[in-house]
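For reference, the structure discussed in these notes is given below.
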Amino acid sequence: MAVIAVRSHLEKILYSSDDSKSSNDAKDIVFIVGKGKRSENKPVLMQTILQLLQEDYEINAYVDENNAGRIRVPKESIEIVKQKIEC
């Protein structure tokens, strides 16, 4: 379900034709995935979402340095992908 939610949110952002907001007003996207304390080896959800972002969307996301349970997607990465889609 989490993968579907992330895909849905990204598709909404990437394919939105709403020009009412300037791209300068855009902010980083933050996905709260948790730290994976109950995962045996590595945080499963975090690894899955990072892999989805990198492989399916070519987005350079990273674990938030202030909170290890969050994945941060820089607004610059989103803008690069949006530009690729428009071409």
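Some notes on this structure:
- With the simple model of a label 7 Å out from the Cα in the direction of the Cβ, Gln47 to Ala2 spans 1.2 nm.
- Those residues of the stretch 36-50 whose amide nitrogen sits under 19 Å from the label point placed on Glu65, 7 Å along Cα→Cβ: none
- Split the accessible area of the chain by element, probe 1.4 Å, and carbon with sulfur accounts for 47%.
- Cβ-placed point charges (K, R +1; D, E -1), dipole of the chain about Cα centre in debye, nearest 20: 460 debye
- Relative contact order (percent, whole number), the chain, Cα cutoff 8 Å, 6+ residue spacing: 31 percent
- Residue-normalised accessible area of the chain, given per residue in Å² at a 1.4 Å probe: 74 Å²
- Comparing Ala68, Ile49, Ile80 along the charge dipole axis of the chain, the residue lying farthest to the positive side is Ala68, per the Cβ-charge model.
- For the chain, the number of Lys pairs with C-alpha atoms closer than 17 Å, counting only pairs eight or more positions apart or on separate chains, is 10.
- Hull-based mean projected area of the chain, where the convex hull spans the alpha carbons, in square nanometres: 6.1 nm²
The values are calculated or read from the model by the stated rules, or taken from the named source; none is laboratory data. If you're wondering where the values come from, they're calculated on a predicted model, not measured in any experiment. Cβ sites come from the backbone with ideal geometry, for glycine too, and all protein chains shown count toward neighbours. Ligands, DNA and RNA are excluded from the accessible area calculation, which covers all protein heavy atoms including side chains. Shrake-Rupley method; radii C 1.70, N 1.55, O 1.52, S 1.80 Å.
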